[in-house]
1. Counting residues that are closer than 16 Å to Ile115 by Cβ and either open to solvent by less than 40 Å² (accessible area, probe 1.4 Å) or at pLDDT 90 or above (or both), which helices (runs of 4 or more DSSP H) fully inside region 1-95 reach at least 2?
2. Among the candidates Ile73, Ile56, which residue alone is closer than 24 Å to Glu109 by Cβ and in contact (Cβ under 8 Å) with a residue 24 or more places away in the chain?
3. Is it the case that some residue within region 104-121 is under 19 Å from Ile3 (Cα atoms), assigned to a helix (DSSP H, G or I) and at pLDDT 85 or above?
Amino acid sequence: MKILVPVAHSEPDQRTAGYVINIGKRLNAQLVVLRILTEEESEAAGEKSLSLFVNIGREEKVPIDAILRRGDIASVIIDVAEEESVNLIIFGVSHGDIVAEWLNAGAMEKTDIPIVMIPKWVTAGENSPPKG
């Protein structure tokens, strides 16, 4: 299984990154972390934000492919999802820009890939069984 994780800010939330990586670990999945740069951002800024996922993934033994791209958020996400043949797209909703652009572009209607949105207040959940 391959999961695409788009990131559009220089500092992704560590809790969200840990949670997404935990999902990847539980599903025995490969994560494709996509950092989308704005016109003003340098590649160094993009590499810095990708490093959070790469480092946590290495610690948790979850394979991570890090991709850096520039362009229209919705188009880049769809292009990379198709190029990488992903099975799922997970958005970390720590900042609303990427999700807002995705929804405003009607991108969910342009792909058949399932999408999950993770709110910023989640915890990694490694040691807490589901309640219920």
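1. Numbers: elements: 14-26, 43-60, 73-84.
By residue number, 14-26, 73-84.
2. Working: Ile56 fails: closer than 24 Å to Glu109 by Cβ.
Going through Ile73, Ile56 in turn, the sole match is Ile73.
3. Step one: of region 104-121, the residues under 19 Å from Ile3 (Cα atoms) are 107-120.
Restricting the remaining residues to those that are assigned to a helix (DSSP H, G or I) gives 107-110.
Now drop any that are not at pLDDT 85 or above, which leaves none.
No, region 104-121 contains no residue that is under 19 Å from Ile3 (Cα atoms), assigned to a helix (DSSP H, G or I) and at pLDDT 85 or above.
The values are calculated or read from the model by the stated rules, or taken from the named source; none is laboratory data. Because the structure is a prediction, the values reported are computed rather than measured. Please note: Cβ atoms are built from the backbone with ideal geometry, for glycine as well, and neighbour counts cover all protein chains shown. When the accessible area is computed, the model is the full protein with side chains, heavy atoms only, and any ligands, DNA or RNA have been set aside. Shrake-Rupley method; radii C 1.70, N 1.55, O 1.52, S 1.80 Å.
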